[in-house]
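Notes for the one structure printed next.
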């Protein structure tokens, strides 16, 4: 069957303004949106660019706006949309466009680095594994699903309003290490987030949770950080 | 633009990152990757990493070694396999210390599960050896290593495509690269280069591999004079989602899933009475296709069913989360209630750049090193997987040999300085790219790519025959001719994806030729290489590695290298 794709185009070398270009292709209802983009690129217009790699929702490369909603192009199928096979494809909001659907993710990873996204443990290294119960491990499980696709952060209204806000993805990573029973820097990690650029920036608007392609309860995880901060203050 | 580093690591998957960590803070390391680090294909690994920790059941590294040797159909080099299996527990504990969130046993130790070909007591019964983090083991290890590199301030060059290796008087002195965002050429002058560029599944039409798995490192090393080893051995994973090739981890069978034919028969009981559905991948893939050929594919089609419906909510909810989602999203199947349609999918290259257990790229059958050039992970052939890799040995391979390469490179860079390299390299590479961009090509990328993938899938996949291999070789060589007339329509310098596609296609065409040559040469059936015209293994003639070297102005040169057998003499391979 026929489908129409209206795609955001911008090449900084020639375009002063972004433009939209229309492509008509044959699709199957089970095609991924990524398959459609690949077909457009290989058969109609090799100059169209976007990021993609694993093609099954694990590498996190191809988050974009599909018919107004943020999603992974490799995880969304033609049949998922009730728009009579008309598609509008745009780059992730919030970030600067490099070309077409490719955006500059540097600010996103900058914030990721800020939360010290690695295990800190000053207790010395045992010969074998550190013991961690299955229950302790389960606490961080939701955060382990994160693929750093930036869907949440780019959708977050607070991130859009305040460029200094860490955003849901970085806070989720902080959550992962705060709650890892093997990490010994919990106090410092919580103190680092006890401000409006950190956990308190979140106004529980749930957009991050709604768009997460891995079904992570991001807002709840940020809520748990807030509670842990309060608990720590009480204890002091 | 010219850069100077002690070491340039190409590829930011598990081997590359593990090596970068091992090289340490005192070493000037650059990690180049054509995709952002956490997009690397290592992240797609699901099931686990093999190590004889013995946390769930009695186990030891010698059983692991035996399984690996037998799994390799006796083509793996046993000295290297012994190193890998002995290093395995240490490697896994190190990962745990870095923060990898492994699933846990009731005592809080690293949990382990059963996997294909993993046995105790030299093949007596299945054993739980796979250490895992749900079914996203590769992804969480990749994240952990990348974040460790951030902590260490490793210098990353993301979205840089390697163009060529700089070789002077037989030594590797660095490389040239293309920056995708700007179109600029960069020259990296370095004491050593580690290739950790992964596999080449995209040579085939149906594959579990990422779009980036185009074998660039293998092809560039090959053109620089490094021989490729055992390239005819290509693993087809038995359980790709029907038509799509998306991987459903062997962990699904490790946790108790079973394969059924159209008659509802658990057919693996007939082929591998001892370990049944947990037979090695080469065997299970062949068995699925045999069932299909015998008319027992589901609905007469070319797939069978993978049944997980009896596993229960706990196993599915805690251990197989991702694959249940994949089945639902892409196959439209609720795997808790109905079976998943599956068929073999191209998954892994056992072959690669000939290398030794310390990461040295080697030039000949005497293992003479290529000074300054190292390789590890899927792009290398050490060879620990021989003719067929066992599940969970690839993550292990990437980490063990990534780490060992790091150690060896550190020694090398302390004994050697930088080379003086020609100062026109940037101009030379720029001219090559200008030529590609400016010529009026009559051929298009898409059709050549698709024809290559189709020919390789039809003629050089699970079952092979001289006639169809000859046909494939002719077809690939014809495509290589047509490639010369390819044109690049995107003339821009910012994120020119088409130019990258063209480079990748050139790499894949070289590799497709080498794979087919190896398959034609090997007139026997061993591991993943199954010749219908030579159905038996022939140790007399072919207990040897196939080596293929690139020759200017001539056909590739094929020679052999002996297999290192230290302990387990070749036997018939039964499960």
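The values are calculated or read from the model by the stated rules, or taken from the named source; none is laboratory data. All of these numbers come straight from a predicted model, not from anything done at the bench. Note that each Cβ is placed from the backbone with ideal geometry, even for glycine, and that neighbours are counted across all protein chains shown.
Considering every residue within segment B:81-96, establish whether at least one is in contact with a strand residue (DSSP E or B) (Cβ under 6 Å, 6 or more places away or on another chain) and under 23 Å from residue B:378 (Cα atoms).
Within segment B:81-96, the subset in contact with a strand residue (DSSP E or B) (Cβ under 6 Å, 6 or more places away or on another chain) is B:92.
Now drop any that are not under 23 Å from residue B:378 (Cα atoms), which leaves B:92.
Yes, segment B:81-96 has at least one match.
State the number of residues belonging to segment B:335-379 that are in contact with a strand residue (DSSP E or B) (Cβ under 7 Å, 6 or more places away or on another chain) and in a loop (DSSP other than H, G, I, E, B). Explain how you work it out, then say what you get.
Initial filter on segment B:335-379 (in contact with a strand residue (DSSP E or B) (Cβ under 7 Å, 6 or more places away or on another chain)): B:339-356, B:359-363, B:365, B:368-376, B:378-379.
If we keep only those that are in a loop (DSSP other than H, G, I, E, B) too, we end up with B:339, B:350-351, B:356, B:359, B:363, B:365, B:368, B:376.
Of the residues in segment B:335-379, 9 are in contact with a strand residue (DSSP E or B) (Cβ under 7 Å, 6 or more places away or on another chain) and in a loop (DSSP other than H, G, I, E, B).
State all residues of segment A:97-141 that are free of Cβ contacts under 8 Å to residues at least 40 places away in the same chain, over 28 Å from the mean Cα position of the chain (by Cα) and more than 9 Å from every other protein chain (Cβ to nearest Cβ); if no residue qualifies, say none.
A:124
So which residues in segment B:411-427 are surrounded by fewer than 18 Cβ atoms within 10 Å (Cβ to Cβ), part of a helix (DSSP H, G or I) and in contact (Cβ under 8 Å) with a residue 60 or more places away in the chain, if there are any at all?
B:426
Here is a check on your reading of the model: is residue A:132 part of a helix (DSSP H, G or I) and surrounded by 18 or more Cβ atoms within 10 Å (Cβ to Cβ)? Please lay out each step first, then the result.
On the way: part of a helix (DSSP H, G or I): no; surrounded by 18 or more Cβ atoms within 10 Å (Cβ to Cβ): yes.
No.
Could you list, in sequence order, all residues of segment B:329-339 that are more than 14 Å from chain A (Cβ to nearest Cβ) and touching a helix residue (DSSP H, G or I) at 6+ places or on another chain (Cβ under 8 Å)? Write out each step before concluding.
At the first step, the residues of segment B:329-339 found to be more than 14 Å from chain A (Cβ to nearest Cβ) are B:334-339.
Once the filter is applied, which keeps residues that are more than 14 Å from chain A (Cβ to nearest Cβ) and touching a helix residue (DSSP H, G or I) at 6+ places or on another chain (Cβ under 8 Å), segment B:329-339 yields B:334, B:335, B:336.
Can you confirm whether residue B:115 is surrounded by fewer than 21 Cβ atoms within 10 Å (Cβ to Cβ) and either on the phi > 0 side of the Ramachandran plot or part of a strand (DSSP E or B) (or both)? Talk me through it step by step, then tell me what you get.
Numbers: surrounded by fewer than 21 Cβ atoms within 10 Å (Cβ to Cβ): no; either on the phi > 0 side of the Ramachandran plot or part of a strand (DSSP E or B) (or both): yes.
Against the criterion (surrounded by fewer than 21 Cβ atoms within 10 Å (Cβ to Cβ) and either on the phi > 0 side of the Ramachandran plot or part of a strand (DSSP E or B) (or both)), residue B:115 does not qualify.
Which condition number does residue B:503 fail, the rest of (1) in a helix (DSSP H, G or I); (2) touching a residue at least 12 places away in the same chain (Cβ under 8 Å); (3) farther than 19 Å from residue B:283 by Cα; (4) touching a helix residue (DSSP H, G or I) at 6+ places or on another chain (Cβ under 7 Å) being met?
All conditions are met except number (4).
Run down B:519, B:554 and say which single residue is in a helix (DSSP H, G or I) and either free of Cβ contacts under 8 Å to residues at least 60 places away in the same chain or in contact with a helix residue (DSSP H, G or I) (Cβ under 9 Å, 6 or more places away or on another chain) (or both). Outline the logic, then answer.
On the way: B:554 fails: in a helix (DSSP H, G or I).
After ruling out the rest, the residue left standing is B:519.
Sort out which residues of segment B:454-497 are within 14 Å of chain A (Cβ to nearest Cβ), closer than 18 Å to residue B:508 by Cα, part of a loop (DSSP other than H, G, I, E, B) and in contact with a helix residue (DSSP H, G or I) (Cβ under 7 Å, 6 or more places away or on another chain), and write them in order of number.
Selection gives B:488 alone.
Examine segment B:88-109 for a residue that is in contact (Cβ under 8 Å) with a residue 40 or more places away in the chain, surrounded by fewer than 21 Cβ atoms within 10 Å (Cβ to Cβ), on the phi > 0 side of the Ramachandran plot and not in a helix (DSSP H, G or I), and state whether such a residue exists.
The answer is no; no qualifying residue exists.
Could you list, in sequence order, all residues of segment A:109-129 that are closer than 24 Å to residue A:191 by Cβ, touching a helix residue (DSSP H, G or I) at 6+ places or on another chain (Cβ under 9 Å) and in a loop (DSSP other than H, G, I, E, B)?
Once the filter is applied, which keeps residues that are closer than 24 Å to residue A:191 by Cβ, touching a helix residue (DSSP H, G or I) at 6+ places or on another chain (Cβ under 9 Å) and in a loop (DSSP other than H, G, I, E, B), segment A:109-129 yields A:115, A:116, A:117, A:118, A:119, A:120, A:121.
Tell me which residues, restricted to segment B:162-183, are within 14 Å of chain A (Cβ to nearest Cβ) and either surrounded by fewer than 20 Cβ atoms within 10 Å (Cβ to Cβ) or in a helix (DSSP H, G or I) (or both). Quick ask: steps written out before the conclusion?
From segment B:162-183, those within 14 Å of chain A (Cβ to nearest Cβ) are B:179-183; that's our starting set.
Of everything in segment B:162-183, those that are within 14 Å of chain A (Cβ to nearest Cβ) and either surrounded by fewer than 20 Cβ atoms within 10 Å (Cβ to Cβ) or in a helix (DSSP H, G or I) (or both) turn out to be B:179, B:181, B:182, B:183.
Go through (1) over 25 Å from the mean Cα position of the chain (by Cα); (2) within 14 Å of another protein chain (Cβ to nearest Cβ) for residue B:538 and report which single condition fails.
The single condition residue B:538 does not satisfy is (2).
At least 3 residues that are surrounded by fewer than 20 Cβ atoms within 10 Å (Cβ to Cβ) and modelled with pLDDT under 95 in each: list the helices (runs of 4 or more DSSP H) lying fully within segment A:168-236 that qualify. Steps first, answer last, please.
Working: elements: A:168-178, A:186-193, A:207-211, A:218-235.
Hits in segment A:168-236: A:218-235.
Could you grab me the full set of residues in segment A:142-167 that are assigned to a helix (DSSP H, G or I), more than 14 Å from chain B (Cβ to nearest Cβ) and crowded, with 18+ Cβ neighbours inside 10 Å?
If the condition is that a residue be assigned to a helix (DSSP H, G or I), more than 14 Å from chain B (Cβ to nearest Cβ) and crowded, with 18+ Cβ neighbours inside 10 Å, then A:151, A:152, A:153, A:154, A:155, A:158, A:159 are the ones that fit.
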